[in-house]
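What follows is calculated from the coordinates using simple rules that are stated; it is not laboratory data. This is a predicted model, so every value here is computed, not measured. As a convention, Cβ positions derive from the backbone with ideal geometry for all residues, glycine included, and neighbour counts pool all protein chains shown.
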Amino acid sequence: MPSLYVHVPFCRQKCDYCAFYSHSLVESPRDLISVYFEGLEVEMAKRQKDAPQGVSSLFIGGGTPTVLNVNDLERLLAMIHRYFPIVLEAEQTMEGNPGTLTYEKIKLIRSLGINRFSLGVQSFNDQLLGTVGRIHTAGQAREAIGGLRNAGFKNLNLDLMFGLPAQDMALWQASVEEALSYSPEHLSLYGLMLEEGTPLYERYSAPSSARGFKLGNNIPRLPDEDQQAMMYEWAVKRLRQGGYRQYETSNFARPGFECQHNLGYWRGKDYLGIGPGGVSCLNRVRWKNIEEVSTYHNLLRKEQSPLDESGQEVLSLRECMAERMILGLRLEEGVHLKAFEHDFGADLRDIYRDVLERYNHQDVFVVKGDYFRLNPKYSFIANSILQEFV
Ligand code: SF4
């Protein structure tokens with residue numbers, strides 16, 4: 001049974017660092033939302049055959065799903081339920097931006113089955129939020145957290161970002177401490193990345209800048225890589241003390257509140273991604289939908305496939321194995337040895353004997369119970385080690 005992701009490609013306004021595909025509603029016509037819904041319904045009707053027994057979890061992401069108004073949110077959830085039965089008590093997540101949430105929306109989505117909410121707080125400091133063009137204030141985030149709890153959400157994730165312009169260790173610590181004071185069940189910590197083509201990239205990649213950071217001209221300095229690493233390491237320790245388990249490089253949860261939907265991706269489960277830009281992978285066939293909303297809609301209306309130019313890709317066994325290793329070794333638990341053998345017909349220690357031998361003497365990989373995992377003391381160089389499995 002696959003999991004289901006539904007993409008809502010709209011935001012009130014683009015954040016300065018964001019390279020994800022989404023339409024700013026400040027610049028786009030409102031009727032683009034109607035076009036989106038028409039396309040979405042055609043795609044759901046076509047794809048329901050891929051989940052004949054229903055779906056094991058739901059994740060509505062974006063973009064900013066909560067930028068939709070109450071009627072549109074109701075329409076979205078009704079459409080999902082019409083085409084994709086969701087197993088009883090399954091995790092059903094919606095992402096949202098504090099600047100687009102109202103109590104009315106919160107109550108509605110809770111009443112329609114959403115039982116986990118992921119709130120893009122990023123920082124509890126207004127000045128820092130302003131440096132990256134977030135549309136909301138810290139006060140709106142506090143209000144949203146209160147509203148979500150009042151409405152009965154017992155599974156709440158808060159996203160926080162480190163490495164923001166002008167952020168120092170003390171400001172980062174203050175945001176983490178405030179987040180902890182709300183006892184969220186889950187926290188995701190992300191380092192700011194300068195993505196090409198974004199306003200932030202333009203701001204900090206001018207030729208005059210030092211180490212990619214422009215100095216002076218009232219442009220706040222970006223924390224460098226070492227400072228970012230210190231912020232991350234401090235938070236890892238602090239969250240551990242606070243009773244959270246770091247079950248994935250960027251994700252921390254109280255026991256029992258790990259995100260089941262994302263765990264499914266990382267463990268190699270099938271998934272369906274509906275909507276513009278949605279990515280699916282079923283039985284080793286992967287495809288991605290075209291991102292542009294009008295083109296997505298036009299193709300579907302003409303009963304054509306909404307896939308992007310790369311079309312469908314049949315993954316080789318070797319590619320699937322590599323993906324399982326790379327995603328699985330980012331998890332604290334590691335890769336399940338028996339599941340790997342069941343899915344690929346071989347013991348991963350035989351398949352990757354050469355890699356293991358290269359690292360053997362350094363104790364980089366460990367086997368604990370049924371799991372093969374990366375020794376946590378090497379997680380800071382995980383990316384380069386994981387490349388060995390490509
Ligand atoms: S709210 Fe999220 S998806 Fe939208 S622009 Fe900002 S970071 Fe990107």
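Quick look at the numbers
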{"read-out": "Isotropic mean projected area of the C-alpha convex hull, the chain (nm²)", "value": "20.1 nm²"}
{"read-out": "Highest-first arrangement of 366-378, 9-21, where packing means the average Cβ count within 10 Å", "value": "9-21, 366-378"}
{"read-out": "Residue-span extension gain [residue 285 to residue 298] - 0.36 nm each, minus C-alpha spacing", "value": "2.3 nm"}
{"read-out": "Amide H partners (placed H, <5 Å) of residue 122, local residues excluded", "value": "159, 160, 161"}
{"read-out": "Cysteines in the chain that, by Cβ-Cβ distance, have no pairing candidate under 4.7 Å", "value": "11, 259, 281, 320"}
{"read-out": "Residue 32-residue 150 FRET efficiency (beta carbon distance; Förster radius 30 Å; 0.05 resolution)", "value": "0.40"}
{"read-out": "For peptides 48-57, 116-125, sequence by mean Cβ density within 10 Å, most packed first", "value": "116-125, 48-57"}
{"read-out": "Charge tally in the Cβ shell below 12 Å around residue 118, where Lys, Arg are +1 and Asp, Glu are -1, residue 118 excluded", "value": "-3"}
{"read-out": "Amide hydrogen neighbours beyond the local backbone of residue 365, cut-off 5 Å, H modeled", "value": "375"}
{"read-out": "For residue 25, residues with placed amide H under 5 Å, excluding near neighbours", "value": "11, 12, 13"}
{"read-out": "Computed [θ] at 222 nm, deg cm²/dmol, the chain (DSSP H ≥ 4; -39,500 (n - 2.57); rounded to nearest 500)", "value": "-11000 deg cm²/dmol"}
{"read-out": "Cut-off 14 Å, label 7 Å out along Cα→Cβ of residue 53, residues of the range 1-23 by amide N", "value": "1-3"}
{"read-out": "Mean Cα-pair separation over length for the range 64-170, i.e. relative contact order, pairs under 8 Å, 6 or more apart, %", "value": "29 percent"}
{"read-out": "Antiparallel DSSP beta bridges within the chain, as percent of all bridges there, nearest 5", "value": "40 percent"}
{"read-out": "The chain: DSSP helices with Cα axial extent of at least 15 Å and average Kyte-Doolittle hydropathy no lower than -0.5", "value": "31-47, 70-83, 169-181, 317-328"}
{"read-out": "Residue 356/residue 82 FRET efficiency (R0 41 Å; Cβ-Cβ; nearest 0.05)", "value": "0.25"}
{"read-out": "³J(HN,Hα) computed for each position of the range 375-388 - Karplus, 6.51 cos²θ - 1.76 cosθ + 1.60, integer Hz, glycine/proline x", "value": "4, x, 5, 9, 5, 5, 10, 4, 4, 6, 5, 5, 4, 4"}
{"read-out": "The range 317-389 - percent relative contact order, Cα under 8 Å, separation 6 or more", "value": "38 percent"}
{"read-out": "Beta bridge orientation in the range 93-236: antiparallel %, DSSP, nearest 5", "value": "5 percent"}
{"read-out": "Additional length obtainable on full extension of the chain from residue 375 to residue 21, 0.36 nm per residue less Cα span", "value": "123.9 nm"}
{"read-out": "Normalised contact order of the chain, rounded percent, pairs of Cα under 8 Å and 6 or more residues apart", "value": "16 percent"}
